[in-house]
1. Over all distinct Cα pairs, what is the inverse of the mean 1/r for region 404-489, reported as the Kirkwood hydrodynamic radius in Å?
2. Could you tell me the convex hull volume per residue, in Å³, taken over the Cα atoms of region 334-491?
3. Checking the a/c ratio against 1.5 first, then a/b against b/c, what shape does the Cα gyration tensor give for region 335-421?
4. Could you order the peptides 274-285, 473-484 from most to least packed, using the average number of other C-beta atoms within 10 Å per residue?
5. Please find the FRET efficiency linking residue 453 to residue 381, where r is the Cβ-Cβ separation and R0 is fixed at 35 Å, and quote it to the nearest 0.05.
6. Once the piece of chain linking residue 412 and residue 201 is laid out straight, how much longer is it, given 0.36 nm per residue of separation minus the C-alpha distance between them?
7. Rounded to a whole number, what is D in µm²/s for region 223-319 from Stokes-Einstein with the Kirkwood radius over alpha-carbon pairs (20 °C, 1.002 mPa s)?
8. So if each residue of separation counts as 0.36 nm, and I subtract the Cα-Cα distance between residue 462 and residue 260, what length gain in nm does that give?
Ligand code: GLA
């Protein structure tokens with residue numbers, strides 16, 4: 001099998017946690033944190049959570065950030081600062097920011113905590129681009145810089161894409177102190193300089209590693225570098241390296257590594273004090289996936305996003321399979337922690353209807369939107385899909401609810417609904433998985449709206465369709481296509 005097929009990808013997580021971590025130290029300290037008392041509560045997750053609390057103190061509502069716990073880094077920080085980490089964490093969990101102060105410690109962060117909005121890392125699904133789906137190992141700094149340029153010129157950045165992510169194959173061994181080395185042929189200016197370039201565009205940059213001795217390419221592709229470059233056993237050192245290079249996102253890909261060490265990297269990232277989205281792939285391939293309903297790991301406490309299935313490819317079968325795997329997992333998604341059905345294949349050879357359906361479904365599923373095509377040279381049709389801001393707004397809705405399959409009016413004709421912020425507002429995808437065109441009806445009762453009239457907007461046609469009572473029927477939805485709507489009950 002190809003490397004791509006064999007290795008599972010990881011995605012990210014973490015906004016919450018990271019942000020929290022970053023602020024934890026300062027807050028804890030500032031708080032005057034007497035809090036040493038709770039020092040004992042540190043340790044893995046409490047620590048993380050603690051960070052949440054700190055965050056709460058910092059910005060006001062740690063609570064919302066509860067997921068901050070995930071990043072867990074708080075532990076080290078919190079503990080270090082005042083030991084309040086643990087307690088704080090709990091306040092984060094409960095959602096009362098100020099509570100953070102409850103961290104037992106001094107409470108000054110409590111005071112700080114009240115009011116204000118929490119800075120949750122990955123509060124909405126991360127958006128960006130990754131080198132793997134198109135370039136595999138054939139990437140270098142020239143490419144990445146040109147991609148960053150294209151984020152700006154194509155409108156991707158304006159549409160919300162932020163992370164420019166290097167995948168496997170950037171590394172080249174370790175120095176005599178065990179520090180990771182980038183491949184100097186591919187990155188002659190160095191990865192820190194590349195980060196500076198990307199940051200200079202107002203973008204963020206991500207990197208890739210595995211909890212193993214080698215990376216996925218080495219393990220499955222037989223082209224391992226001479227020196228083991230995986231992060232297993234090097235978590236603290238490598239996390240520090242990534243932070244010092246200016247990395248904002250880590251994709252950590254199991255690749256037959258140690259599934260139980262994902263939390264170690266979470267804590268190591270947290271301890272750096274830098275906000276680094278933590279995207280993981282806890283699966284080992286087609287026969288060993290690790291979705292949150294069956295995984296031995298508590299994924300939401302570990303990462304900002306986690307792969308729920310095997311590697312995607314540019315086929316309708318792959319897209320629909322991942323949709324079906326993600327469908328039952330909606331309860332695990334929320335601000336700071338997302339199900340990840342894998343990177344986008346938009347612009348990589350699917351039919352135009354399929355590209356729209358793929359993008360619509362990833363958006364209604366509140367999936368991370370990580371483009372995988374060559375955005376330097378994409379067609380205007382591909383650009384129009386990836387930068388459809390009305391569809392992206394569904395993905396990025398601040399409530400962070402993952403949409404659900406709410407009706408199947410006939411075999412392979414589906415109605416999906418996602419609750420959006422506001423009063424009685426739903427995003428709806430009518431998905432035609434049959435071989436011919438079809439009509440599909442969304443009833444207000446199925447999508448969760450009160451009886452009566454509602455306005456309907458077409459998110460691909462960018463038009464208001466009118467006011468309807470009780471239901472709306474889209475006619476002529478093409479095979480493997482969608483109608484995507486925003487339905488708002490009339491007051
Ligand atoms: C796995 C992942 C891919 C990519 C490769 C890199 O297959 O699922 O997304 O990261 O590893 O080797």
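What follows draws every value from the coordinates through simple rules; no lab data is involved. Treat the numbers as computed from the prediction; the structure is a model and nothing was measured. Please note: Cβ atoms are built from the backbone with ideal geometry, for glycine as well, and neighbour counts cover all protein chains shown.
1. After inverting the mean inverse Cα-Cα distance, the result is 12.6 Å.
2. In region 334-491, the Cα hull volume divided by residue count equals 106 Å³.
3. oblate
4. Sorting 274-285, 473-484 by mean packing, highest first, produces 274-285, 473-484.
5. Using R0 = 35 Å, I get an efficiency of 0.50.
6. Computed gain between residue 412 and residue 201 is 71.6 nm.
7. 149
8. 68.1 nm
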